[in-house]
1. Being over 30 Å from GLU464 (Cβ atoms), assigned to a helix (DSSP H, G or I) and open to solvent by 30 Å² or more (accessible area, probe 1.4 Å) is the requirement here; does GLU354 meet it?
2. Only one of these is out of contact with any strand residue (DSSP E or B) (no Cβ under 9 Å at 6 or more places or on another chain), open to solvent by 10 Å² or more (accessible area, probe 1.4 Å) and part of a helix (DSSP H, G or I): ALA94, ALA132, ALA72. Name it.
3. Select from region 178-214 the residues that are over 17 Å from ARG240 (Cα atoms), within 30 Å of the chain's Cα centre (by Cα) and open to solvent by 50 Å² or more (accessible area, probe 1.4 Å) and list them in ascending order.
4. Hey, could you check region 215-225 for residues that are open to solvent by 30 Å² or more (accessible area, probe 1.4 Å) and at pLDDT 85 or above and say which is nearest to TYR25 (Cα to Cα)?
5. Could you tell me how many of the residues in region 283-309 are under 20 Å from the mean Cα position of the chain (by Cα) and free of Cβ contacts under 8 Å to residues at least 24 places away in the same chain?
6. Can you confirm whether SER596 is surrounded by fewer than 17 Cβ atoms within 10 Å (Cβ to Cβ), without any contact (Cβ under 8 Å) to a residue 60 or more places away in the chain and of a type in the set (S, T, N, Q)?
7. Exactly one condition in (1) modelled with pLDDT under 85; (2) open to solvent by 20 Å² or more (accessible area, probe 1.4 Å); (3) among the aliphatic types (A, V, I, L, M); (4) in a helix (DSSP H, G or I) is not met by ALA652; state its number.
8. Here is a list of conditions, (1) part of a helix (DSSP H, G or I); (2) within 22 Å of ALA492 (Cα to Cα); (3) under 31 Å from the mean Cα position of the chain (by Cα), and VAL389 meets all of them except one; can you say which number that is?
Amino acid sequence: MIALWALLSAHASEVTGTMTEAWWYLDRGCAHEAWVRASEALRAAPDDAGAHRARVNARIAEGWTQRLEITAEYEALHATYPDLFGIRVGLASALAQDPQSPACTRIAELLADRAEQPPEARYHAVRALLRAAGKCSDLPKDRLDAEIEAIGAEGVSAAATLAVWNRLQRDPLSVGADEMLASARSYPDRAPSYARELEKAGAAGRKSRAALVDLAKTWLGSDDLVLVLAGARVLKASGRDTSDVLARIDAEAPCRPREAYEPPSDLVRTIYEAGKQPTHELALDGLDAIAKKIPASGPERTLWQRERAERLEALGRDAEWYAAIKDASQASPDDGRLANQFAWAASERGQDLEAALTAITHVLPSLDTETWDTRMTLEGWQGVHRNRVANWADTRGWLLHQLGRDEEAREALQRAIVATKSGNILAHTGIVLHALGEDDAAYAHLRAAYAIPGGVRDATTDAEARPHLEALWLADGGWHPDGFEGWVGSLAPRKEGAKDGAKPEPRATGPRNDGPLVGSAFPMPDAAGLAKGATRVGLRDPEHLLVVDLWATWCGPCVDGMPHLAEVQAAYADRGVRVVGLSVDKEAKTARAFMSAAPPAYDLGWVGLSAYQTLVLSGIPELFVIDRDGVVRHRITGYGRGDTRLERALDAMLATSEP
């Protein structure tokens, strides 16, 4: 195969130049190269809508942390050049890629005058609108698809090929083989999408699928790498083995291609489907039912065991949870976080110590070869890296101590301290130094463990460290009017300005409990019912305090929280509390089918994607606690096991309303 750079240069000269290169690079996952090419195009044509859209997409492709940065840049550009349509397309593209709640009204306003623009610019405007259409009820996809059809009829090839794809999705028989092939030849990058739709169509798409496969085979012999890649993708979508072609492309590519990230296998999909149940018991039953399909090692076994472990932990089945984590780590020994989880769990139990030491020792060298993840700020990545070094080295050091290898343990723990000074690591180091007879150093480390912010947080480590510290304190002539425990308490850092003896106030942790709509009327009077025979679910209830839970079938934390909500409903029903779960799935039938196996003991409704805009959702699960006047009093984002924020909110509200 001809070298990539030569092929790319030839392709650029034969097709449309810089912007073709930009989109080609973006399709390959080469975000920085795409950014450079789009910026070069804008130097020649500052109002090119396609170049602005490609530039925004390229920056966001570097990582979601870049979205706010590029949005701010385009907000500033728009403020300076409000009449440049291309800049408005760029800003709309950035706003549309908010993963939770795009600014729907703003996006529509930015592109409201698109009918007055040239066809190519209109196409890129509609593409930006389509990005947000799934979560914006005032941007109906059907109307936007009709606009794409009209723009395609005006000669914009990208729009024409997108229109063909839309029609194939609706009805594969509505597009003849000749029309589909002509579209694929004019815009090869769209051909794999055609292949996927025709594959779904089964017998109805057989003739067109065969014609497209024949065309793709001719592309594989081309000197044009764009055609080679498109052909390989068509064949892959049609079930052909193209690993040799993709491997050659991967070897010559300047950056990692998307093909390197394998799509989920059928078994991975089966695992996820088995675990999608409304209760932990049912999810575990589903996962155990497919045990015979799971290979003895590899990423699929790891995924299966991690899914099982999550349910087992929630059910309090500790021994089984540990066995699942151990097996998952052994199935994928290069997974550092999993190795550390298994190794630490083994150290807490005092079992499998040699196997755990082997697991954590195997992954530690990978930390020495890590490079900066440019999707994060340098400071943010350095913090993550330091914590990883500290945790893994600490785990290894503690295992070595448990195995009686204290000299090696000291070296491992010193590496952990250099990375991050935490109370747990200092305590472990002090215990090891005490075992080695280095009492002065041991005393200094243990005292520091309880004196730094946060102190010794792990209960097991605390229980092991205190006897060592107490013995060293007494040997040093330690005295305190409240004894040893009083002295340890005096070491903890106090909040500035606190009175003597006062304990520091705990720091706020977890998601915030306030946000948009708190103090305002809940904007939805009711919702479509999901339970059999229920047409509507009321959301205004003068007789009850309402807990409204926004969830979706694809949201793991949402499903995790359902048993907890059922417990809240049971515990607070006699005190006038009512729980309502509202699905934001795209279709009500998806949520209805999901809940049919074991509906929870509270009301269920469906509001769909419109809830993202109406309720200003930043993520799910999201809880609203509403008083009897219909006013939102608390808003709780996220859910974690052991989370009691909802109970605290209800207790506070009931304390002021109960006789």
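1. On the way: over 30 Å from GLU464 (Cβ atoms): no; assigned to a helix (DSSP H, G or I): yes; open to solvent by 30 Å² or more (accessible area, probe 1.4 Å): yes.
No.
2. Details: ALA94 fails: open to solvent by 10 Å² or more (accessible area, probe 1.4 Å); ALA132 fails: open to solvent by 10 Å² or more (accessible area, probe 1.4 Å).
Unique residue meeting the criteria: ALA72.
3. Result: ASP189, single match.
4. The qualifying residue nearest to TYR25 (Cα to Cα) is LEU220.
5. So in region 283-309, the residues under 20 Å from the mean Cα position of the chain (by Cα) come out as 299-300, 302-309.
Then drop every residue that is not free of Cβ contacts under 8 Å to residues at least 24 places away in the same chain, which leaves 309.
Total meeting the criteria: 1.
6. Working: surrounded by fewer than 17 Cβ atoms within 10 Å (Cβ to Cβ): yes; without any contact (Cβ under 8 Å) to a residue 60 or more places away in the chain: yes; of a type in the set (S, T, N, Q): yes.
Taking the combined requirement at face value, the residue satisfies it.
7. (1) is the only condition that ALA652 fails.
8. (2)
The values are calculated or read from the model by the stated rules, or taken from the named source; none is laboratory data. This structure is a prediction, so every number in the text was calculated from the model and none was measured. All Cβ positions, glycine included, derive from the backbone under ideal geometry; neighbour counts span all protein chains shown. In case anyone asks, the SASA skips ligands and DNA or RNA and just uses the protein heavy atoms, side chains included. Shrake-Rupley method; radii C 1.70, N 1.55, O 1.52, S 1.80 Å.
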